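Heads up: the structure comes next, in structure tokens.
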Amino acid sequence: MTRAGLAGGLVVTLLACTIASVALGVRDISLSDILAALGGSTETASQAAAYVRVPRTVLAALVGASLAIAGACMQAVTRNPLADPGIFGVLSGAALAVVSVLAFTPLTQPWALMSAACFGAGMAAGFVYALGRGAGGLQLALAGAATSAALGSVVSAIALPRSQTLDAFRFWLVGSVGGAQWNVLAIAAPVLLFAGAVAWASARGLNSLALGDAAATALGDSAARVRLISTLAAVVLCGVSTALAGPIAFVGLVVPHVIRLVSGPDHRWLIPLSALGGACLLIAADVVGRLIAQPSEIAVGVITPLIGAPTFIWIVRSKKVRGL
């Protein structure tokens, strides 16, 4: 399949997933009601339901795309096929920062939570990179997994004794797109789009980095600058996504790997195609979580590990990773 064909297929899949996300649920909604809801009408129950599902779908698309881009950047920067925001503890660091702000400060504004999440994500990423400096890919992944587990324990230790905090963010703690609001998306979307654009603008440098630092320098790219810019973009993408939907793991691992197998390692294509694939994956996972547990739902953060864990095992068992 050509890259253009893959892009077209992903766009069609994204449109189909979007329609399914808005139309399917406890109450199925007709296309006419969906169109009416997009126009702002909430006269009928179906239109009201569609009006609630539209921002949820937009949030799932934004978060899925952001995490997939972040995963592609982290894999390129570390030259590690196991790199993933969840496995490396970046999402847990962001979650710890958000929970700490909610538990110990009166701040609840979206900008405060997003800023805290970006700070926590950056600190976790820096710690794991420093801890695994000079180590192989598998050792770095193990250091990240240990860090993620430790940070997750601290999150639980803070949230569990504070029932009010836990009740308000129970679904957020496992990863959920059910609390989407237009006013929050209006703040977050420009930040995510800008960070995604920065990551894409770094694609040429990431291609050079794959050849080694010396080769990147010979090609006119500063390896340190490419790493810094790409890592900052990934941290912002992970931090804001976590503030919006909680820690959702494995999207950044699965999607770039699948896209790379089909389209090749050129990051000029890998990053935008991963964004489309991540959006499709998270919307589809959200739809599945809603349909299999009606009238309740299963949070999307529970569905994605069911897809990501087997992929992680397959990658670890592959010859490429065993040789790291």
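ALA224 meets all of the listed conditions (1) assigned to a loop (DSSP other than H, G, I, E, B); (2) free of Cβ contacts under 8 Å to residues at least 12 places away in the same chain but one, namely (1).
Among residues of segment 266-281 that are assigned by TED's automatic domain parsing to the domain that holds ALA299, those with a beta-carbon under 8 Å from a residue that is part of a helix (DSSP H, G or I) and charged (D, E, K, R) at least six positions away or on a different chain give the pairs HIS267/ARG204; ARG268/ARG204; TRP269/ARG3; LEU270/ARG260; LEU273/ARG3.
Quick check on GLY301: is it modelled with pLDDT of 80 or more, under 22 Å from CYS17 (Cβ atoms), within 15 Å of the chain's Cα centre (by Cα) and surrounded by 16 or more Cβ atoms within 10 Å (Cβ to Cβ)? Here the answer is yes, as GLY301 does meet what is asked.
Residues that are surrounded by fewer than 24 Cβ atoms within 10 Å (Cβ to Cβ) and part of a helix (DSSP H, G or I) within segment 258-270 comprise VAL258, ARG260, LEU261, VAL262, SER263, ARG268, TRP269, listed in sequence order. For segment 230-239, the criterion of being touching a His at 6+ places or on another chain (Cβ under 9 Å), surrounded by fewer than 24 Cβ atoms within 10 Å (Cβ to Cβ) and on the phi < 0 side of the Ramachandran plot is satisfied by no residue at all. Just one residue in the set LEU270, LEU306 is modelled with pLDDT of 95 or more and more than 14 Å from the chain's Cα centre (by Cα); that residue is LEU270. The residue list ALA49, ALA83, ALA61, ALA72 contains one member that is modelled with pLDDT of 90 or more, touching a Gly at 6+ places or on another chain (Cβ under 8 Å) and buried (at least 19 other Cβ atoms within 10 Å of the Cβ), which is ALA72. Could you tell me whether any residue of segment 147-162 is modelled with pLDDT under 85, surrounded by fewer than 16 Cβ atoms within 10 Å (Cβ to Cβ) and polar (S, T, N, Q)? Within segment 147-162, none of the residues are modelled with pLDDT under 85, surrounded by fewer than 16 Cβ atoms within 10 Å (Cβ to Cβ) and polar (S, T, N, Q). With respect to (1) more than 25 Å from GLU297 (Cα to Cα); (2) part of a helix (DSSP H, G or I); (3) in contact with a Ser or Thr (Cβ under 8 Å, 6 or more places away or on another chain), the lone exception for VAL240 is condition (1). Checking ALA279 against (1) more than 13 Å from the chain's Cα centre (by Cα); (2) surrounded by 24 or more Cβ atoms within 10 Å (Cβ to Cβ), which single condition isn't satisfied? So the condition that ALA279 fails would be (1). In the set (1) closer than 19 Å to GLY89 by Cβ; (2) at pLDDT 90 or above; (3) in a helix (DSSP H, G or I), ILE248 fails one condition alone, (3). Do we have any residue at all in segment 286-295 that's at pLDDT 90 or above, closer than 18 Å to TRP172 by Cα and touching an Asp or Glu at 6+ places or on another chain (Cβ under 8 Å)? Yes, there is a match, as at least one residue in segment 286-295 is at pLDDT 90 or above, closer than 18 Å to TRP172 by Cα and touching an Asp or Glu at 6+ places or on another chain (Cβ under 8 Å).
The values are calculated or read from the model by the stated rules, or taken from the named source; none is laboratory data. Predicted, not measured: the structure shown is a model, and the values here were computed from it. As a convention, Cβ positions derive from the backbone with ideal geometry for all residues, glycine included, and neighbour counts pool all protein chains shown.
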